[in-house]
1. What are the residues in the stretch 152-172 that are acidic (Asp, Glu), surrounded by fewer than 19 Cβ atoms within 10 Å (Cβ to Cβ) and under 30 Å from Lys419 (Cα atoms), if any?
2. Please work out which residue is surrounded by the fewest Cβ atoms within 10 Å (Cβ to Cβ), limiting yourself to the stretch 362-414 and to residues that are part of a loop (DSSP other than H, G, I, E, B) and either of a type in the set (D, E, K, R) or in contact with a Phe, Trp or Tyr (Cβ under 7 Å, 6 or more places away or on another chain) (or both).
3. Does Ala272 meet the test of being of a type in the set (Gly, Ala, Ser) and in contact (Cβ under 8 Å) with a residue 24 or more places away in the chain?
4. When residues of the stretch 16-29 are filtered for being more than 25 Å from Gln431 (Cβ to Cβ) and part of a helix (DSSP H, G or I), how many remain?
5. For the stretch 141-168, how many residues meet the condition of being in contact with a helix residue (DSSP H, G or I) (Cβ under 7 Å, 6 or more places away or on another chain) and under 30 Å from Arg258 (Cβ atoms)?
6. Answer yes or no as to whether Lys544 is closer than 30 Å to Asn363 by Cα, surrounded by 16 or more Cβ atoms within 10 Å (Cβ to Cβ) and in contact (Cβ under 8 Å) with a residue 60 or more places away in the chain.
7. So Lys141 clears everything in (1) touching an Asp or Glu at 6+ places or on another chain (Cβ under 9 Å); (2) buried (at least 17 other Cβ atoms within 10 Å of the Cβ); (3) of a type in the set (D, E, K, R) except one condition, right? Which one?
8. Which residue pairs have Cβ atoms under 8 Å apart, sit 6 or more places apart or on different chains, and have a first residue in the stretch 504-526 that is small (Gly, Ala, Ser) and buried (at least 16 other Cβ atoms within 10 Å of the Cβ) and a second that is modelled with pLDDT of 95 or more and not in a helix (DSSP H, G or I)?
Amino acid sequence: MKKSDTNPFFKSYNTPYDTIPFDKIKIEHYMPAIEEGLKVARENIKAIKDNKTAPDFDNTILTLQTSGELLDEVTTVYFNLYGAESNDEFKALAQKISPMLAEFRNQIMTDSELFKRVERIYKNQEGLNAEQKRLVEYYYKQFIRNGANLSQEDKKKLEKIDKELSTLSPKFSQNVLKSTNAFELHITDEKEIDGLPEGSKEAAAFAAKKKGKDGGWLFTLQIPSVLPIFKYAKNRKLREKINRAYGARAFKDEFDNREILLRIAQLRQERAELLGYKTHAQYVLEERMAETPETVEGFLERVYSVAFPAAKKEVEEIKKLAKETDNIVDFQTWDSAYYSEKLKKIKYNYDEEELRPYFKVENVIDGLFQVAEKLYGITFKELNGIPVYHHEVKVFEVDDKDGSHLGLLYMDLFPRETKRNGAWMTNFKTQGFSHGEIRRPHVGIVANLTPSTDKKPSLLELSEVQTVFHEFGHALHGLLSDCTYQTLASPNVYWDFVELPSQIMENWTLEKEALDMFAKNYKTGEKMPDELIKKVKNAENFNKGMANIRQLSFGFLDMAWHAQDPRKIDDVAAFEEKIFDKTRLYPKVDGTNSSCSFGHIFAGGYSSGYYSYKWAEVLEADSFELFKEKGIFNQDIADSFRKNILAKGNTAHPMELYVKFRGREPDPDAMLKRDGLLK
């Protein structure tokens, strides 16, 4: 039998909408498909170089863009499943695959002949349209920034660094997941979990039952299990135990990440120096809105100067309550969320758990779709019979207001041991030119929300609703992309711009006009009462100083790892402690460490980029102000946001796109004003 008859990657998918045949792909299919993909891509690159015709856009740039289509398809499937649905055997493949891809990319980007062709087009762009010019500029910069101008000796050094880096990030990620899964706490005495909401108890009892325990309640380090303990458990020792365990993931245990992250930071620094940059941060930020480490540090310091004094006042207020109610004199980090909830109830007469009955997950998803339909005129229809990688995944067809097909949306919303923590949007197929035509995208939302139990459906807390809206904002960015070339299509934009479409969507979760559409009691079907919505709005800026400082602490830590030479660092814990001193609001907890589980910067794409969450909040606060002025479903504003931000991808500089939408550059203090920290 020919290999093409058995491997789904080697033949036409023959599925609805050309969807990935997840049901047919087996672990043994990946390596042969990647090897074949590399072989084809190398042949295509050779054909570009062997072409005796003068280099032009079609025979060089476009051919380069489409040279690795098979390879891209296989690796997209593999790395999507690596995070969302994989076991140890599947993950182990990354140690083979990642170095092969790094070597191949390195060979292309350091190929002098290929670069000369790109450079000739870059220097003579006559006859090209704006998007083609942007793509030419993109490739030209990619070659320069990835070693095309280095000597042969330095190219070899770069290749060695990239190969090693490619194996370290998956290892880091794997260690965090294994360390998270290694912790289980089985409690049999109900007194120990006094104060926990009924829904949380039911989830823990259901978890115990699923794991074959004889009664009791099972707690893990998954966020839906952890958060209710921090917020509601009266048992201070339980809060401490969970806090310490969560903070110690992949630190000084059998999955210790210290050596791995030190090596990652050191290699990034060596790579930056080799390419002529002072630090990794300087290298990364050259291709961001912020442009320089100095701009980022100035931005973080500006927010810090306003937020830290506010946060200190907020903490004093919580400490006072803890002393008055429970005589807590040694206030610790595991007391913060618990007494914050109590204080919120006193100040605003509202507890976030009151909202859960109105946030049944199906209603929230329906709400997402209704908000998008009202803003952009697009519609969503669930499809059956589409192959999925796990039975919980749902697929929706998305159509435009004129009935034309926009793309597909996959949703995978609940925790499992084969999925990493957190929430993210992903592309299964990016919009743009592929296989000879411009194709529509297939995007996904992956999350770890509160699951249903044998007694109750999945009921979300407000922060989870905001998480879903956030990731849906990224998904809309991908679905509404209207570009010619995949490399420039949404959401492939500067990383400090990519969070604007996601973060702006969170605003609709606090607006009555939107909540009325979907926040309905799961038992009675009644809308969330106006009085409760008002309480939520009143409490919107509660402890915003602390919330800002939490994000800033990670931003400062990221820059500390990447905006200086990390080769001088030998003790991860001591280094981190020194950085956190600046933003510390509670005593240091011995035996815990954030860097060792900081997947965003050591296993994701956010190195020197964590600041971008706050940066995008400025853009988002400033943008939503316009919606508030004109109406949160104002068609003209929504159309402009779609046309100038969501549809345009990286076809122009983000600031140019932003000004087209907003009519001016963003107000740098917009977020601080919105958060009530600046008048």
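The values are calculated or read from the model by the stated rules, or taken from the named source; none is laboratory data. Just so it is clear, the model here is predicted, and its values are computed rather than measured. Backbone-built Cβ (ideal geometry, glycine too); neighbour counts: all protein chains shown.
1. The one that is acidic (Asp, Glu), surrounded by fewer than 19 Cβ atoms within 10 Å (Cβ to Cβ) and under 30 Å from Lys419 (Cα atoms): Glu164.
2. Out of the qualifying residues, it is Asp402.
3. Here the answer is no, as Ala272 does not meet what is asked.
4. Residues that pass the stated criteria total 3.
5. So the answer is 14.
6. yes
7. Condition (2) is where Lys141 drops out.
8. Taking only residues 6 or more apart or on different chains, the pairs are Ala514/Ile632; Ala519/Phe359; Ala519/Lys527; Ala519/Met528.
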